[in-house]
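Working notes, beginning with the structure itself.
Here, each number is a calculation from the coordinates, and none is a lab measurement. Computed from a predicted structure; not experimentally measured. All Cβ positions, even for glycine, are placed from backbone atoms using ideal geometry, and neighbour counts span all protein chains on display.
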Amino acid sequence: MARTQRIDAIVVGGGPAGSAMGWSLAKRGINVAIVERAVFPREKVCGDFVEPAGLRIIETMGCTQALDLGKRLPITRNRVYYEARLPYHGEIPYYDGAHGMPPHGYIIPRDQLDTVLLQNAEDAGATVFRGTSAKALEREGGANILTAKQGKEELRIEAPVVVGADGVQSMVAKAKDLRRTDRRHIGASQRVYLDNLDIEEGEATIWFDEDQIPGYGWMFPMNGGRANMGIGLLTETCDRFDMSVQQCFRDAVERLRFRHPGCRNARVASKPLGGAVHMYGGVTRNHFAGGILVGDAGSFVDPMTGEGITQGMESSILGARSVAAALEAGQFGQDQFASFEHDFRAYFDPAMRYLVLLAQLLRNRHFHESVFTATRKGFEKAQVESSFGEISGTSFGGLNVQPLAMTGQLLWSLADHFLRGGAAALTDALRGRGFTANGAVEDLLAWQRGWRASTADDLPWHMSWLGDIAKAAGELGPSFLMDENPRLRGPFAFVEGTS
Amino acid sequence: MSTKTKVKPKKAASKAKRPAAKKSAPKSKPKTAKSGAATARNALAAPEVAVVGGGLAGMTAALKLLQAGFKVTLFERYDRLGGNTSSQAVNGVEHDVYPHMFCDWYANFWSLFEQDLGLKREDHFVAHPGSMMLAPGSDDYVNMLNPTSLEAVVANMKSGSMSPAELVLLGYSGVDLAAQGFDSDGLNQMEKLDVNGFLYSRGYATEAVAEMQNYLLTLVWSIDSAKTSARTYGNFLQHSLRFPDHSPFDWLLKNSLNAGLVEPLRAKLEELGCSIRTNADVQSVRLDDDQRPMLRWQADGAKRTSAKTFDFGVLAVPSAVLADIVMCRKAGIGGKRIIDCEPELANLRRLSSAAIPVLDLYLKEKLDDFPIDSIGLAGSNYGLTALDISQLWPAELFDGKSALIIAASDGDAIPSENPHEAAMLMLAELARFYPQFEGVKHWGDPDSIIDWDKSHMRLNLDYKLFLDDTGSWSWRPRASYPEGLPRLTFAGDLCRTDVEMATMEGAVQSGTLAAAAVQAQDAAQTGKARGNPIEDVPHRLYSPTTFRAAKLLLLPAAYAAYSLVALKRYRAAKASGGDHAGEALATLIEDLALVPPKAATELGQGAYSFYRSLVDRDEEDPGDEKIGLSAAALMVLGEIADYAASQVGGEKRAAPETAAGQAFEGVLGQIAGIAGRAYGTMRAAADQSCSTKRRWRVKR
């Protein structure tokens, strides 16, 4: 029958967030066990892109060598397609190597990344139960009792603290009634590995298609003509417009072959896999009596890009402090873990709240024309104006998010565009040249078409969307008040600086 | 005791008849019936519910209860179901009790029609953007649109019904009333206020605005604005002020009420196994020791009354009948009176209602250019409205000829209680607007264009419309009184719902609430919920904060308009010459001098109540879904941008056609208009014609 083990903390899930949590706790001398359903290496639906901030954490955890990072292809450049247009092609403007981050990202397939990170946690002193699926979580007399199955054997682990790092379908979140189901903040993706590519060194490609808004596609190259390619879409939109992620994905593969010269002969080298992410816009309470939620289980995913590897590890490093504090105090009530809420809000809110607002603005598919044109023009502007790329470009994945500066840039660009266009049209009209079509007027009319379509299609939804925008805008306080995005210096510096 | 022994043989007799008459009745039915609800109640058997009153509220309650698995008997006094939404067949022609407006925001009604009956709104109803008015001796119909879009607002300004300044004031008075926070239980003495009194208390109100509000209330609810509860009408305005959602004013049924609404409902009820007893006059409802309703009714032609005790009862009858049932003045009947269990219901006797006489005029010819819309005959005695059903109902009923429904909303003004005499008086009044009807000498006069065989006049004394009197809110019955009356619930447009004004929506919602109350009581007694939870559909409306913000925003425009009206009055007096010019000037100076202090006071009060609602967080009407201020503001900004884009040459949205409107001297439109229109013309010359039309219908 079941044997019961008593330890300090259980981490459910051994992905990057779970491993980072296990490593952080073990380093603090805490008796921690990671329960992972799979036996690594295993495949995971992901873009595999680890941004500089993530690499900085990996380096701190000492996994650079094990991951052979030196031999991987550094991603420093980007290509952005809008349908067949190429509005941006060049260096990724905000990868500048500051704050101890490398000036590039890496593509590390998740089977390799997760294996190494989990091993690293084990090496640091964490107990790892591989191939063990958590079945039930109960709370008895102030302790968490996790029942798990390892093969046919039943396992009982008892610990005062449990950390849910078990992803979108989090069993821990479900047990604590914290599972998020709000489709406004859930992304769906599908990815595949391609080979037979001929890609310029270290150049990622992303693309937008007007029929796949809100969402985007990616192709992240690795050595040997291989790449991770996939698309992500908002599930709410898929539901409302009967969009099939699979169909969009198939279209995307075809379009990539057509639009990217280096992908003409691309071959699908793996089975396409689909998955989901919970984005930060839907974040709610992430702590409960006896533990916390981190990573995807806690909705720590960038609402604009869908990136979650780095954010997952960051949330764990922040959360480890709360776990350690609880163990030290011997208090495990919900209030005890509220310090995690405080920490992650202070750390993530400033940038994330702003990105949530942007994501909300882009959420209405009826405005596909306007959204498409506006973001395309943003990339075009970034191509010729490096400061625009450095500041406003961070809405697509940079760390140094500066909401005030970004808002200024965006509003100024919009005003400039419409005032110039309006003046030009007026001049034409006054000089008797009649009306000549002009970008600003056309853009205004495209917006109008979007507005009409949206209000006519589903007015209550439209109104609730406006309410969401207003709400997101109303939560911008921390964004506008911050001096510097705390994420810029990383979670370790944050924990150190605030302890 | 005596009632029970009498009951049994009667019941057996009636049961014996029923299965023969209705094939669809399942076999098990007589069995459960025989066991008797009151005598040997089996916990598993469905409780029996008596619904008294086969109007819209009663039918809704019956339907919802049947869906939840109750056994329902529906009692209707007349041979047809429908009550105030019924039609009578006279000489094979259907005559609706009176024409009804089905407003777009009737969420519960549309849910009943679309979800429960599974019918498509567009197949059975036509959307109308507004309503029309006609002045005597004029050919020009004035189209008043539902102000739910900027286009409609501008079109209304141009319509010529009132001067734009007066229209601004009329609109503002509506927003002001909607923004006024009345206490939620209607008990504050100071707030027992009528609409006219409310206007009187406002610094901006003018005589024309007061007259127009009175006219609108009389036309639609047969009630003077000096009698209408301001709070109740304010609540109606909160539901109907939906700018800028582009919703139409109302929908008109494309058939008689019986064919289009009652028959489908009846069919659905029968399909669900409802036992429907028409021509059954319920004479008394008393309560047994377990508070079960004991019904006593007389079937048509039956010599003796029948009686039966039900598990639950729903009373869905008009106020006068309800008061009689509740008071139950009959002596010699067993059981407790309802009033003894719930003394508050004595107030039912205070409720009032009015009859709306209606004349259906079938003609021998087709009237040309008659609009397909409800037409208010402005300035007519008896408050007449006209509606041409031949363009609305199936064409085969009319043989290419016209048929007008003439309703007298101010029926008590007709100096006759003889139907045909009253009809002649209404016809004479109608002739002031439509000379075709001049010189009709008597009912049946062959030298007229009227097809007398098909025409029909009724005074509708049995189909009175509930009046929303000042102060009536606290007298109106609730859906249920779980303490005193655990087995009895109430339905009908007179009941308290979050649609306060007497409407079909109120009827449907009250029916739903009554059914839900029965379900809740049953669950409380058996400890087990029966069927899916019965729930009403919440209305989406702006929050009080939003209305108060709108009021503050419009306040400067209102007082500017008020000044304009004063100036106009002065000009008119001066132009008419005579010796009153000096007096008029004095009045003007007075009026204008008072504008700043009045506006300042109202601004201060408005700002305070806005602040209060921000602080108190919109506490009212928990049953409604509120649209918050920020979403509303973004929505309005978006619509203004949309409108501006149209002026710059974008896709013009069809503002529903209006007749008049050349001399547009609008305060609002001119600013946005002139430059935009000039520009738009140029642009139109250059290119573009877009044909996508906006759908009227609002999805839920």
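The fraction of Cα-Cα pairs per 10 angstrom bin, counted from 0 for the stretch B:357-459, comes to 16, 53, 29, 2 percent, rounded to whole percents. For peptide B:237-245, the mean count of partner chain Cβ atoms within 10 Å of a residue's Cβ comes to 1.
Under 5 Å between amide hydrogens, built in the peptide plane, is the criterion, and for residue B:540 it picks out B:625 among residues at least 5 positions away or on other chains.
The order of A:287, B:420, going from fewest to most other C-beta atoms within 10 Å of their C-beta, is B:420, A:287. Sorting A:410, A:256 by the number of Cβ atoms found within 10 Å of their own Cβ, with the fewest placed first, yields A:410, A:256. Ranked by the mean number of other Cβ atoms within 10 Å of their residues, highest first, the peptides B:353-360, B:587-594 fall in the order B:353-360, B:587-594. Sorted ascending by nearby beta carbons within 10 Å, beginning with the fewest, B:304, B:487 become B:304, B:487.
In terms of the ratio Rg/(2.2 N^0.38 Å) built on C-alpha atoms, what value belongs to the stretch A:183-278?
Working: Rg = 13.2 Å, N = 96, 2.2 N^0.38 = 12.5 Å.
So the stretch A:183-278 has a normalised radius of gyration of 1.06.
Taking 19 Å as the limit for the C-alpha separation, the pairs B:364/B:441; A:176/B:626; A:27/A:176; B:71/B:330 exceed it in the case of A:176/B:626; A:27/A:176; B:71/B:330.
More than 21 angstrom separation, counting every C-alpha pair in the stretch B:544-625; what % is that? Don't skip to the end; give the middle numbers.
Numbers: 1601 of 3321 pairs.
Beyond 21 Å sits 48 percent of the P(r) for the stretch B:544-625.
Computed over chain A, the convex hull of the alpha-carbon atoms projects to a mean area of 24.3 nm². The alpha-carbon of residue B:464 sits under 14 angstrom from the alpha-carbons of these aspartates and glutamates, leaving out residues fewer than 8 places away in its chain: B:96, B:410, B:412, B:493.
Lys and Arg at +1, Asp and Glu at -1: add these up for the other residues within a Cβ distance under 13 Å of residue B:170 and post the number. It would help to have the intermediate numbers written out before the result.
Values: positive: B:202; negative: B:166, B:176, B:207, B:211.
Around residue B:170, the charge tally is -3.
Scalar couplings 3J(HN,Hα) for the stretch A:403-419, obtained by applying the Karplus form with A = 6.51, B = -1.76, C = 1.60 to θ = phi - 60°, are x, 5, 5, 5, 4, x, 4, 5, 5, 5, 4, 5, 4, 4, 4, 6, 5 Hz; x denotes Gly and Pro. Measuring nothing but how far apart in sequence close Cα pairs (under 8 Å, 6+ apart) lie, relative to its length, the stretch B:357-459 scores a relative contact order of 35 percent. Summarising the amide proton neighbourhood of residue A:276: residues at separation of 5 or more, or on other chains, whose placed amide H is nearer than 5 Å comprise A:189. Remark on the stretch A:359-488: Rg and Dmax equal 17.2, 56 Å (Cα only). Taking the convex hull of the alpha carbon positions in the stretch A:50-205 and averaging its projected area over all directions gives 13.7 nm². Taking max minus min of the alpha-carbon positions on each principal axis, the protein assembly as shown gives extents of 107, 90, 58 Å, largest first. Mean residue ellipticity at 222 nm, helices only, chain B: -12500 deg cm²/dmol; runs of at least 4 DSSP H residues each add -39,500 (n - 2.57), and the sum is divided by the number of residues.
Given chain B, what percent of its DSSP beta bridges are antiparallel, to the nearest 5?
Numbers: 48 of 70 bridges.
In chain B, approximately 70 percent of DSSP beta bridges are antiparallel ones.
Here the protein assembly as shown carries DSSP beta bridges of which approximately 70% are antiparallel, counting only pairs with both residues inside. Principal axis extents of the C-alpha atoms in the stretch B:196-312 (largest first, rounded to whole Å): 62, 37, 29. Taking amide H atoms as placed 1.01 Å from N in the peptide plane, the amide H of residue B:367 lies under 5 Å from those of B:402, each 5 or more residues away in sequence or on another chain.
Plugging the Kirkwood radius over Cα pairs into Stokes-Einstein for chain B, at a temperature of 25 °C and a viscosity of 0.890 mPa s, what D comes out in µm²/s? If you can, show how the numbers build up before the last one.
Details: Rh = 27.5 Å.
The calculation lands on 89 µm²/s.
Of the residues A:25, A:9, A:81, the one whose Cα sits farthest towards the positive end of the charge dipole of the stretch A:1-160 is A:9 (charges of +1 on Lys and Arg Cβ, -1 on Asp and Glu Cβ, taken about the Cα centre).
Just add up the charged neighbours of residue B:406: K/R +1, D/E -1, any other residue whose Cβ is under 11 Å from the Cβ of residue B:406.
Details: positive: none; negative: B:360, B:388, B:429.
Its environment carries a net charge of -3.
Neighbouring Cβ atoms from other chains, within 10 Å of the Cβ of residues in B:638-646, number 4 on average. Legend: mean number of C-beta atoms from other chains within 10 angstrom of residue C-beta atoms, peptide A:462-470, equals 6. Listed values for the stretch B:142-153 are Karplus-derived 3J(HN,Hα) couplings in whole Hz (6.51 cos²θ - 1.76 cosθ + 1.60, θ = phi - 60°), namely 9, 9, 9, 8, 5, x, 10, 8, 4, 4, 5, 4, and x replaces Gly and Pro.
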